[in-house]
Amino acid sequence: MNSLSEIPEFLTAVSDAPDAPSALREGMMRLAEAFDAEIVALVQHGSVAASVGYPRISDHRRELIEVADGRSGSLDVPGLGRRGATGITLDDRRSALVVARADSDLTPEELADARAMGRVLTMTLDLIASVGEQRALRIVAEKQTAVNQRLLTQERRHQQMSDAVLRVQRLISQRQPLDEILHAITEEATSLVDADIAGI
């Protein structure tokens, strides 16, 4: 592997993915290709987040976790038997890459490159998750603002109607002339419905 060309390409590929599952899929495939590995897996928080070249059966996935935790150094590679596997702890200690290939172990340079690519992948996944959370919070806040605005508008409208009714009732209770009361009703109605003309 030529790390000078692979890592920037890897970064571009995973960061251009539209969502976390796509970034994870792209990252796993590119890691397997870059190291000519039969098996590549990302273990996060004690479970397998994604893997390439390994059965999805839970018993086998336990083997991946054991390698990631450093409790084992080999895997049962489908069609090839037991082979050496490397668990590569990433910065946050909650994530690890597992890499196994049939012909040889990873060299120290390849280990460093795999660790760098794994970090790029996990940081990209964290960034996508963070952006998704921020977007969701912004949408919720926008909806809440719209609801609040609608409620405020309704409350103002209700207050305007109450005030209008109160003004007309005051005229009635003061026994004002009928034409003055009718005129007040039409004026209040025009104002409330934002009309140019109202008549009784």
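The values are calculated or read from the model by the stated rules, or taken from the named source; none is laboratory data. No experiment lies behind these values; they were computed from the predicted model shown. Please note: Cβ atoms are built from the backbone with ideal geometry, for glycine as well, and neighbour counts cover all protein chains shown. When the accessible area is computed, the model is the full protein with side chains, heavy atoms only, and any ligands, DNA or RNA have been set aside. Shrake-Rupley method; radii C 1.70, N 1.55, O 1.52, S 1.80 Å.
Odds and ends about this structure:
- Leading residue by the ranking (farthest from residue 127 (Cα to Cα)) among those in the stretch 2-38 that are at pLDDT below 80 and touching a helix residue (DSSP H, G or I) at 6+ places or on another chain (Cβ under 7 Å): 3
- If you go through the stretch 15-50 and keep only what is among the polar types (S, T, N, Q) and without any contact (Cβ under 8 Å) to a residue 40 or more places away in the chain, you end up with 22, 47.
- Any hit, the stretch 177-196, residues being open to solvent by less than 90 Å² (accessible area, probe 1.4 Å) and at pLDDT below 80: yes
- Unmet criterion (only one of (1) open to solvent by 70 Å² or more (accessible area, probe 1.4 Å); (2) of a type outside the set (Phe, Trp, Tyr); (3) modelled with pLDDT of 80 or more) for residue 91: (3)
- Selection status of residue 167, open to solvent by 90 Å² or more (accessible area, probe 1.4 Å), in contact (Cβ under 8 Å) with a residue 12 or more places away in the chain and touching an Asp or Glu at 6+ places or on another chain (Cβ under 8 Å): yes
- Counted residues, the stretch 6-31 - those being part of a helix (DSSP H, G or I) and either among the aliphatic types (A, V, I, L, M) or within 12 Å of residue 119 (Cα to Cα) (or both): 12
- Restricted to the stretch 177-195, and to residues there that are within 24 Å of residue 154 (Cβ to Cβ) and part of a loop (DSSP other than H, G, I, E, B), the residue that is farthest from the chain's Cα centre (by Cα) is 195.
- Count - residues of the stretch 56-72 that are at pLDDT 85 or above and surrounded by 15 or more Cβ atoms within 10 Å (Cβ to Cβ): 7
- Among strands (runs of 3 or more DSSP E) entirely within the stretch 74-116, having at least 2 residues that are in contact (Cβ under 8 Å) with a residue 40 or more places away in the chain singles out 81-89, 95-100.
- Members of the stretch 129-146 that are open to solvent by less than 80 Å² (accessible area, probe 1.4 Å), modelled with pLDDT of 75 or more and over 18 Å from residue 18 (Cβ atoms): 146
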